[in-house]
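Working notes for the structure below.
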Amino acid sequence: PAASLKDTFASTFQMGTALDHTFLENLENPAFDIVETHFQILTATNAMKWEPTQPENGKFDFTQADTLVRYAKEGGFEMVGHTLFWHSQAPDWIFEDENGEEVDRETLLERMRDRARMMAARYGDFVKIWDVVNESIENDGSWRESKFHKIIGDDFTEQGFRIAMEELPADAKLLYNDYGMTNAGRRDAVVRMVKDFQAKGVRIDGIGMQGHWGMDYPSTEDLEASLDAFASTGLPIHITELDVDFLGKDNLAGANIGRKKLVANSQNNLYPSGVLPAEEEERFAERYGEIFEILVRNAEKIDRVTFWGVTDKDSWLNNFPVRGRTNFSLLFNRANEARPALKAVVETA
Ligand code: XIL
């Protein structure tokens with residue numbers, strides 16, 4: 001049996017994975033063994049987002065999230081709260097009044113506060129790391145246009161952290177989380193924002209780099225430069241949603257090649273059987289080895305590495321940016337076996 005990730009990296013960083021509540025529907029799922037052997041901290045893929053937890057005004061629904069929290073508690077895992085405030089998977093009603101008109105800033109801030117308060121009341125004792133605001137900064141460093149931004153203004157992210165600071169327990173770690181964090185524009189804007197928050201006394205405790213990466217993206221130089229830049233704030237880095245977008249052969253995959261290319265390349269469903277030839281596995285393993293070499297070398301800057309899924313079967317990349325792809329992005333294959341990439345990762349420790 002392959003060496004356990006959490007044991008291998010016990011003195012380096014925490015190892016985590018993301019689970020959807022549907023993962024728990026099949027109690028015979030052999031992937032449970034992988035989760036329990038290799039990981040110590042879990043993130044809910046979808047269950048704690050605003051939409052499933054508050055589908056209508058005044059109606060809270062914690063069934064999905066509770067299922068995962070119960071599993072995490074029984075299994076001795078820690079858990080990450082993902083995510084309080086995000087423009088995606090936020091229900092439409094939060095932006096509208098009873099006549100369907102757009103609400104004002106104060107109303108939306110009040111709704112954000114209600115959400116933070118409810119999540120804190122239900123999970124605050126157990127969940128000690130929170131992705132407070134997700135993806136509010138664009139690639140060029142500007143604030144993302146979203147309904148939150150339109151209604152609240154440029155201080156949407158700051159207000160999110162102020163609310164979290166007031167409503168979540170004092171020992172909760174508050175993270176800003178985003179993708180494309182190795183791109184200079186976004187990276188520099190995040191560093192500026194963190195320093196601004198620190199100067200104003202707005203609490204922020206960590207920086208989440210999602211880590212939706214590809215075979216060529218980011219370059220090792222850009223990755224290392226970003227770890228340095230984020231560490232310059234004094235905050236720990238969390239790699240929060242790691243996967244390597246890989247369809248085989250053609251390397252055109254991974255965030256940042258532009259949506260058009262990504263969609264075009266997604267039509268090449270090269271290995272629909274879900275099995276890769278050995279040389280493809282090798283190439284992929286080398287890429288994970290290269291990434292982890294850098295992470296391990298910078299271990300003092302990094303608190304946690306979380307993968308976005310357990311096996312290739314449950315990766316969101318099978319359906320993103322178009323449905324029906326056969327993606328190979330994680331360390332375990334569709335037969336719940338360790339891929340060569342697991343060994344490559346373990347060898348960097
Ligand atoms: C994804 C989930 O994996 C999918 O199941 C869902 O349909 C859409 O969201 N960035 C994030 C995550 O912060 O919440 C996203 O998760 C992937 C991108």
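Coordinate-derived values only; no laboratory data. These numbers were taken from a predicted model, which means no experiment stands behind them. FYI the Cβ positions are ideal-geometry reconstructions off the backbone, even for glycines, and counts take in every protein chain you see.
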*Determine, for each peptide in 201-210, 54-63, the mean count of other beta carbons within 10 angstrom over its residues, then list the peptides with the highest first.*
201-210, 54-63
_In segment 120-172, the chymotrypsin sites (Phe, Trp or Tyr not before Pro) that fall in loop regions by DSSP, at most 13 other Cβ within 10 Å_ = Phe126
*asked:* Going Cα to Cα from Lys6, which lysines come in below 17 Å? Please leave out same-chain ones fewer than 8 positions away.
replied: Lys343
*Order of Phe197, Phe332 from fewest to most other C-beta atoms within 10 Å?*
Phe197, Phe332
*Could you tell me what percent of the DSSP beta bridges with both partners in segment 5-346 are antiparallel, to the nearest 5?*
10 percent
*So in segment 1-84, what percent of DSSP beta bridges are antiparallel if you round to the nearest 5?*
10 percent
*Quick one: angle between helix 220-231 and the longest Cα principal axis of the chain, in degrees between 0 and 90, rounded to 10, please.*
30 degrees
_Relative contact order (percent, whole number), the chain, Cα cutoff 8 Å, 6+ residue spacing_ = 17 percent
*Kindly provide the GluC sites (Glu not before Pro) of segment 100-208 that DSSP labels as loop, not H, G, I, E or B, and whose Cβ sees at most 11 other Cβ atoms within 10 Å.*
Glu101, Glu145
